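**Q** So that we are looking at the same thing, I have put the structure below in C-alpha coordinates.
The values are calculated or read from the model by the stated rules, or taken from the named source; none is laboratory data. All figures in this text were calculated on a predicted structure; none of them were measured in a lab. Cβ sites come from the backbone with ideal geometry, for glycine too, and all protein chains shown count toward neighbours.
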Amino acid sequence: MNTQNHDGFMLLYRTDEWYNKLSQEELQELINQNKAWFERLTAHGKAKPGRALERTGVTVSGKNGRFVTDGPFAESKEAVGGYLVLDVETIEEAIAIAQSSPGLAYGGSIEVRPVAEECPLDVRARELAREEHCVTI
Amino acid sequence: MNTQNQNGYMLLFRGNDWLKSLSSEEKQKVTDQWMAWFRRLTDEGKAIAGNPLERESKIVSGKNRVVSDGPFAESKEAIGGYFLLDVASFDDAVVIAQECPGLQYGVQVEVRPVAAECPVASELKHQTQFANA
(Lines give C-alpha, C1' and ligand atoms only; values in the text may rest on other atoms or scores of the structure.)
Protein backbone atom coordinates (compact mmCIF):
# COMPACT_ATOMS: atom_id res chain seq x y z
CA MET A 1 0.00 0.00 0.00
CA ASN A 2 1.11 3.51 -0.73
CA THR A 3 1.53 4.95 2.75
CA GLN A 4 1.85 8.61 1.65
CA ASN A 5 -1.21 10.61 0.71
CA HIS A 6 -1.53 14.37 0.32
CA ASP A 7 -5.30 14.28 0.22
CA GLY A 8 -5.76 13.09 3.77
CA PHE A 9 -7.53 10.13 5.28
CA MET A 10 -11.09 9.46 6.20
CA LEU A 11 -12.05 7.69 9.41
CA LEU A 12 -15.40 5.93 9.11
CA TYR A 13 -16.90 4.95 12.46
CA ARG A 14 -18.61 1.59 12.17
CA THR A 15 -20.69 0.72 15.19
CA ASP A 16 -24.12 -0.20 16.42
CA GLU A 17 -25.77 1.98 19.08
CA TRP A 18 -23.49 0.67 21.88
CA TYR A 19 -23.76 3.99 23.75
CA ASN A 20 -27.37 3.17 24.70
CA LYS A 21 -25.97 0.74 27.26
CA LEU A 22 -23.79 3.27 29.10
CA SER A 23 -24.72 4.98 32.37
CA GLN A 24 -24.93 8.77 32.62
CA GLU A 25 -21.52 8.87 34.32
CA GLU A 26 -19.92 6.73 31.61
CA LEU A 27 -21.51 8.85 28.88
CA GLN A 28 -20.27 12.06 30.48
CA GLU A 29 -16.77 10.67 30.88
CA LEU A 30 -16.66 9.52 27.27
CA ILE A 31 -17.96 12.88 26.02
CA ASN A 32 -15.20 14.64 27.94
CA GLN A 33 -12.57 12.25 26.58
CA ASN A 34 -13.85 12.65 23.03
CA LYS A 35 -13.89 16.42 23.31
CA ALA A 36 -10.32 16.54 24.61
CA TRP A 37 -9.19 14.08 21.92
CA PHE A 38 -10.77 16.06 19.10
CA GLU A 39 -9.58 19.42 20.46
CA ARG A 40 -6.03 18.10 20.60
CA LEU A 41 -6.24 16.89 16.97
CA THR A 42 -7.67 20.17 15.69
CA ALA A 43 -5.17 22.24 17.71
CA HIS A 44 -2.40 20.34 15.88
CA GLY A 45 -4.16 20.89 12.54
CA LYS A 46 -4.70 17.14 12.06
CA ALA A 47 -8.48 16.90 11.93
CA LYS A 48 -11.21 18.76 10.12
CA PRO A 49 -14.71 18.86 11.62
CA GLY A 50 -16.42 15.48 11.39
CA ARG A 51 -20.09 14.60 11.28
CA ALA A 52 -22.24 12.10 13.05
CA LEU A 53 -25.06 10.45 11.11
CA GLU A 54 -28.56 9.76 12.35
CA ARG A 55 -29.44 6.08 12.61
CA THR A 56 -32.08 6.48 9.93
CA GLY A 57 -31.96 6.61 6.15
CA VAL A 58 -32.50 4.54 3.04
CA THR A 59 -30.48 2.80 0.35
CA VAL A 60 -31.26 3.70 -3.26
CA SER A 61 -30.39 1.12 -5.91
CA GLY A 62 -31.32 -0.18 -9.36
CA LYS A 63 -31.60 1.58 -12.67
CA ASN A 64 -32.86 5.16 -12.16
CA GLY A 65 -32.91 4.47 -8.45
CA ARG A 66 -36.18 2.59 -8.56
CA PHE A 67 -35.52 0.61 -5.35
CA VAL A 68 -35.60 2.58 -2.10
CA THR A 69 -35.10 0.38 0.95
CA ASP A 70 -34.86 1.12 4.70
CA GLY A 71 -31.75 0.55 6.88
CA PRO A 72 -30.83 -1.22 9.05
CA PHE A 73 -28.51 1.45 10.39
CA ALA A 74 -29.19 0.99 14.11
CA GLU A 75 -28.43 -2.65 14.96
CA SER A 76 -25.70 -3.41 12.46
CA LYS A 77 -22.12 -3.30 13.73
CA GLU A 78 -21.05 -2.45 10.17
CA ALA A 79 -23.28 0.62 9.93
CA VAL A 80 -21.48 3.92 9.49
CA GLY A 81 -22.21 6.15 12.50
CA GLY A 82 -20.06 9.10 11.53
CA TYR A 83 -16.81 10.23 9.98
CA LEU A 84 -13.80 12.43 10.43
CA VAL A 85 -11.32 13.65 7.82
CA LEU A 86 -7.67 13.72 8.93
CA ASP A 87 -5.13 16.06 7.42
CA VAL A 88 -2.10 13.80 7.91
CA GLU A 89 0.30 12.49 5.29
CA THR A 90 0.78 8.83 6.15
CA ILE A 91 -1.61 5.98 6.80
CA GLU A 92 0.50 4.99 9.82
CA GLU A 93 -0.30 8.31 11.47
CA ALA A 94 -3.98 8.00 10.51
CA ILE A 95 -4.09 4.50 12.03
CA ALA A 96 -2.36 5.73 15.21
CA ILE A 97 -4.98 8.49 15.54
CA ALA A 98 -7.79 5.97 14.97
CA GLN A 99 -6.26 3.77 17.68
CA SER A 100 -6.33 6.66 20.15
CA SER A 101 -10.09 7.23 19.68
CA PRO A 102 -11.72 6.98 23.15
CA GLY A 103 -14.89 5.26 21.92
CA LEU A 104 -13.03 2.11 20.83
CA ALA A 105 -12.85 1.02 24.47
CA TYR A 106 -16.54 0.13 24.17
CA GLY A 107 -16.24 -1.85 20.94
CA GLY A 108 -16.99 -0.97 17.36
CA SER A 109 -14.37 -0.32 14.72
CA ILE A 110 -12.94 2.49 12.63
CA GLU A 111 -12.25 2.14 8.93
CA VAL A 112 -9.23 4.13 7.73
CA ARG A 113 -9.35 5.15 4.04
CA PRO A 114 -7.06 7.36 1.94
CA VAL A 115 -9.00 10.14 0.24
CA ALA A 116 -8.45 9.96 -3.53
CA GLU A 117 -6.92 12.89 -5.37
CA GLU A 118 -9.26 12.22 -8.23
CA CYS A 119 -12.03 9.86 -8.97
CA PRO A 120 -10.78 6.24 -9.44
CA LEU A 121 -13.03 6.09 -12.51
CA ASP A 122 -10.91 8.78 -14.17
CA VAL A 123 -7.71 6.99 -13.31
CA ARG A 124 -8.97 3.67 -14.64
CA ALA A 125 -10.29 5.26 -17.85
CA ARG A 126 -6.88 6.87 -18.42
CA GLU A 127 -5.07 3.58 -17.79
CA LEU A 128 -7.28 1.80 -20.30
CA ALA A 129 -6.83 4.57 -22.87
CA ARG A 130 -3.06 4.30 -22.40
CA GLU A 131 -3.15 0.50 -22.78
CA GLU A 132 -5.15 0.81 -25.98
CA HIS A 133 -2.74 3.44 -27.25
CA CYS A 134 0.17 1.08 -26.60
CA VAL A 135 -1.60 -1.69 -28.50
CA THR A 136 -2.28 0.53 -31.51
CA ILE A 137 1.26 1.89 -31.90
CA MET B 1 -38.68 9.18 9.77
CA ASN B 2 -38.19 12.90 10.30
CA THR B 3 -38.21 14.29 6.77
CA GLN B 4 -36.75 17.71 7.62
CA ASN B 5 -33.14 18.14 8.64
CA GLN B 6 -31.18 21.39 8.95
CA ASN B 7 -27.87 19.57 9.06
CA GLY B 8 -28.04 18.13 5.58
CA TYR B 9 -27.65 14.61 4.27
CA MET B 10 -24.81 12.33 3.37
CA LEU B 11 -24.77 10.10 0.31
CA LEU B 12 -22.49 7.07 0.67
CA PHE B 13 -21.72 5.35 -2.63
CA ARG B 14 -21.41 1.61 -2.11
CA GLY B 15 -19.89 -0.94 -4.45
CA ASN B 16 -16.38 -1.12 -5.89
CA ASP B 17 -16.58 -4.07 -8.22
CA TRP B 18 -19.03 -2.75 -10.82
CA LEU B 19 -16.35 -0.96 -12.84
CA LYS B 20 -14.68 -4.15 -13.94
CA SER B 21 -17.45 -5.11 -16.31
CA LEU B 22 -17.38 -1.81 -18.23
CA SER B 23 -15.53 -1.00 -21.45
CA SER B 24 -13.20 2.00 -21.45
CA GLU B 25 -15.82 4.04 -23.37
CA GLU B 26 -18.47 3.20 -20.77
CA LYS B 27 -16.05 4.06 -17.97
CA GLN B 28 -15.26 7.40 -19.55
CA LYS B 29 -18.94 8.10 -20.06
CA VAL B 30 -19.98 7.30 -16.50
CA THR B 31 -17.00 9.31 -15.14
CA ASP B 32 -18.00 12.37 -17.19
CA GLN B 33 -21.61 12.00 -16.10
CA TRP B 34 -20.61 11.67 -12.45
CA MET B 35 -18.35 14.76 -12.56
CA ALA B 36 -21.02 16.81 -14.38
CA TRP B 37 -23.60 15.70 -11.80
CA PHE B 38 -21.38 16.79 -8.89
CA ARG B 39 -20.56 20.13 -10.59
CA ARG B 40 -24.24 20.84 -11.20
CA LEU B 41 -25.13 20.05 -7.57
CA THR B 42 -22.27 22.28 -6.39
CA ASP B 43 -23.38 25.13 -8.69
CA GLU B 44 -26.92 24.80 -7.36
CA GLY B 45 -25.59 25.00 -3.81
CA LYS B 46 -26.90 21.51 -3.06
CA ALA B 47 -23.58 19.70 -2.66
CA ILE B 48 -21.10 21.16 -0.19
CA ALA B 49 -18.44 18.45 -0.19
CA GLY B 50 -17.62 15.20 -1.88
CA ASN B 51 -14.66 12.89 -2.19
CA PRO B 52 -13.80 9.62 -3.79
CA LEU B 53 -11.87 7.20 -1.56
CA GLU B 54 -8.95 5.01 -2.53
CA ARG B 55 -9.65 1.30 -2.45
CA GLU B 56 -7.10 0.56 0.28
CA SER B 57 -8.61 0.12 3.68
CA LYS B 58 -7.50 -0.64 7.24
CA ILE B 59 -9.78 -1.44 10.15
CA VAL B 60 -8.96 -0.55 13.75
CA SER B 61 -11.22 -2.38 16.17
CA GLY B 62 -12.11 -3.03 19.77
CA LYS B 63 -10.54 -2.41 23.14
CA ASN B 64 -7.20 -3.77 21.96
CA ARG B 65 -7.13 -1.49 18.92
CA VAL B 66 -6.24 -4.33 16.56
CA VAL B 67 -5.35 -3.23 13.02
CA SER B 68 -6.43 -5.45 10.13
CA ASP B 69 -6.80 -5.07 6.37
CA GLY B 70 -10.16 -3.89 5.20
CA PRO B 71 -11.87 -7.00 3.87
CA PHE B 72 -14.16 -5.25 1.49
CA ALA B 73 -12.13 -3.63 -1.30
CA GLU B 74 -13.98 -5.76 -3.85
CA SER B 75 -17.27 -6.04 -2.05
CA LYS B 76 -20.64 -4.64 -2.98
CA GLU B 77 -20.79 -3.01 0.45
CA ALA B 78 -17.50 -1.13 0.18
CA ILE B 79 -17.79 2.63 0.29
CA GLY B 80 -16.22 4.23 -2.77
CA GLY B 81 -16.96 7.86 -1.97
CA TYR B 82 -19.46 10.32 -0.56
CA PHE B 83 -21.32 13.59 -1.14
CA LEU B 84 -22.44 15.93 1.60
CA LEU B 85 -25.72 17.57 0.61
CA ASP B 86 -27.15 20.86 1.84
CA VAL B 87 -30.82 20.20 1.16
CA ALA B 88 -33.58 20.60 3.72
CA SER B 89 -35.69 17.52 3.18
CA PHE B 90 -35.06 13.82 3.07
CA ASP B 91 -37.14 13.58 -0.11
CA ASP B 92 -34.82 16.06 -1.88
CA ALA B 93 -31.82 13.95 -0.86
CA VAL B 94 -33.43 10.74 -2.16
CA VAL B 95 -34.29 12.41 -5.50
CA ILE B 96 -30.63 13.43 -5.87
CA ALA B 97 -29.48 9.90 -4.95
CA GLN B 98 -31.75 8.56 -7.70
CA GLU B 99 -29.80 10.67 -10.24
CA CYS B 100 -26.52 8.84 -9.50
CA PRO B 101 -25.02 7.74 -12.84
CA GLY B 102 -23.59 4.56 -11.26
CA LEU B 103 -27.00 3.13 -10.28
CA GLN B 104 -27.55 1.39 -13.60
CA TYR B 105 -24.24 -0.45 -13.12
CA GLY B 106 -25.11 -1.71 -9.64
CA VAL B 107 -23.89 1.10 -7.37
CA GLN B 108 -26.02 1.50 -4.23
CA VAL B 109 -26.46 4.92 -2.65
CA GLU B 110 -27.02 5.13 1.09
CA VAL B 111 -28.87 8.31 2.12
CA ARG B 112 -28.31 9.34 5.75
CA PRO B 113 -29.37 12.43 7.69
CA VAL B 114 -26.43 14.22 9.31
CA ALA B 115 -26.88 14.49 13.10
CA ALA B 116 -26.88 17.83 14.93
CA GLU B 117 -24.54 16.48 17.57
CA CYS B 118 -22.59 13.44 18.64
CA PRO B 119 -24.98 10.55 19.40
CA VAL B 120 -23.22 9.96 22.73
CA ALA B 121 -24.18 13.52 23.77
CA SER B 122 -27.78 13.06 22.65
CA GLU B 123 -28.00 9.78 24.56
CA LEU B 124 -26.83 11.58 27.72
CA LYS B 125 -29.46 14.31 27.22
CA HIS B 126 -32.10 11.66 26.68
CA GLN B 127 -31.12 9.82 29.88
CA THR B 128 -30.99 13.06 31.89
CA GLN B 129 -34.47 14.06 30.71
CA PHE B 130 -35.77 10.63 31.59
CA ALA B 131 -34.22 10.79 35.07
CA ASN B 132 -35.72 14.23 35.73
CA ALA B 133 -39.17 13.34 34.43
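**Q** Before we move on, is residue B:88 touching an Asp or Glu at 6+ places or on another chain (Cβ under 9 Å) and within 10 Å of residue B:8 (Cα to Cα)?
**A** no
**Q** From A:40, A:124, A:130, which residue is assigned to a helix (DSSP H, G or I), at pLDDT below 90 and more than 9 Å from every other protein chain (Cβ to nearest Cβ)?
**A** Result: A:130 is the single residue among A:40, A:124, A:130 that is assigned to a helix (DSSP H, G or I), at pLDDT below 90 and more than 9 Å from every other protein chain (Cβ to nearest Cβ).
**Q** Among the listed residues B:67, B:60, which satisfies the condition of being more than 18 Å from the chain's Cα centre (by Cα) and surrounded by fewer than 20 Cβ atoms within 10 Å (Cβ to Cβ)?
**A** B:67
**Q** Only one of B:47, B:78 is more than 9 Å from chain A (Cβ to nearest Cβ), touching a helix residue (DSSP H, G or I) at 6+ places or on another chain (Cβ under 8 Å) and either in contact (Cβ under 8 Å) with a residue 60 or more places away in the chain or more than 17 Å from residue A:80 (Cα to Cα) (or both); which?
**A** B:47
**Q** List the number of the failed condition for residue B:52; all other conditions in (1) more than 9 Å from chain A (Cβ to nearest Cβ); (2) of a type outside the set (A, V, I, L, M); (3) under 26 Å from residue A:4 (Cα atoms); (4) in contact with a helix residue (DSSP H, G or I) (Cβ under 7 Å, 6 or more places away or on another chain) hold.
**A** Single failed check for residue B:52: (1).
**Q** From the list A:30, A:53, exactly one residue is under 19 Å from residue B:118 (Cβ atoms), modelled with pLDDT of 90 or more and in contact with a strand residue (DSSP E or B) (Cβ under 9 Å, 6 or more places away or on another chain). Which is it?
**A** A:53
**Q** Right, here's the next one. Hey, among the residues in segment B:1-24 that are modelled with pLDDT under 90 and not in a loop (DSSP other than H, G, I, E, B), which one's nearest to residue B:109 (Cα to Cα)?
**A** B:18
**Q** In addition: State all residues of segment A:1-37 that are in a loop (DSSP other than H, G, I, E, B) and in contact with a helix residue (DSSP H, G or I) (Cβ under 9 Å, 6 or more places away or on another chain); if no residue qualifies, say none.
**A** A:1, A:2, A:3, A:5, A:8, A:15, A:17, A:22, A:23, listed by residue number.
**Q** Taking segment B:35-48 on its own, how many of its residues are in a helix (DSSP H, G or I) and either basic (Lys, Arg) or surrounded by 15 or more Cβ atoms within 10 Å (Cβ to Cβ) (or both)?
**A** Number satisfying all stated conditions: 6.
**Q** Which of (1) in contact with a helix residue (DSSP H, G or I) (Cβ under 9 Å, 6 or more places away or on another chain); (2) crowded, with 19+ Cβ neighbours inside 10 Å does residue B:21 not meet, given it meets every other one?
**A** If we test residue B:21 against (1) in contact with a helix residue (DSSP H, G or I) (Cβ under 9 Å, 6 or more places away or on another chain); (2) crowded, with 19+ Cβ neighbours inside 10 Å, just (2) comes out false.
**Q** Okay, moving on. Please enumerate the residues belonging to segment A:4-27 that are more than 29 Å from residue B:111 (Cβ to Cβ) and at pLDDT 90 or above.
**A** Across segment A:4-27, the qualifying residues are A:23, A:24, A:25, A:26.
**Q** Restricting segment B:82-108 to residues that are acidic (Asp, Glu) and more than 9 Å from chain A (Cβ to nearest Cβ), which is surrounded by the fewest Cβ atoms within 10 Å (Cβ to Cβ)?
**A** For segment B:82-108, the residue satisfying everything is B:91.
**Q** Let me ask something else. Going through segment A:51-107 one residue at a time, which ones are surrounded by fewer than 19 Cβ atoms within 10 Å (Cβ to Cβ), more than 7 Å from chain B (Cβ to nearest Cβ) and closer than 16 Å to residue B:9 by Cβ?
**A** Result: A:70, A:71.
**Q** Which of the residues spanning segment A:43-88 are of a type in the set (Gly, Ala, Ser), closer than 25 Å to residue B:100 by Cβ, over 15 Å from the mean Cα position of the chain (by Cα) and outside any strand (DSSP E or B)?
**A** A:57, A:62, A:65, A:71, A:74, A:76
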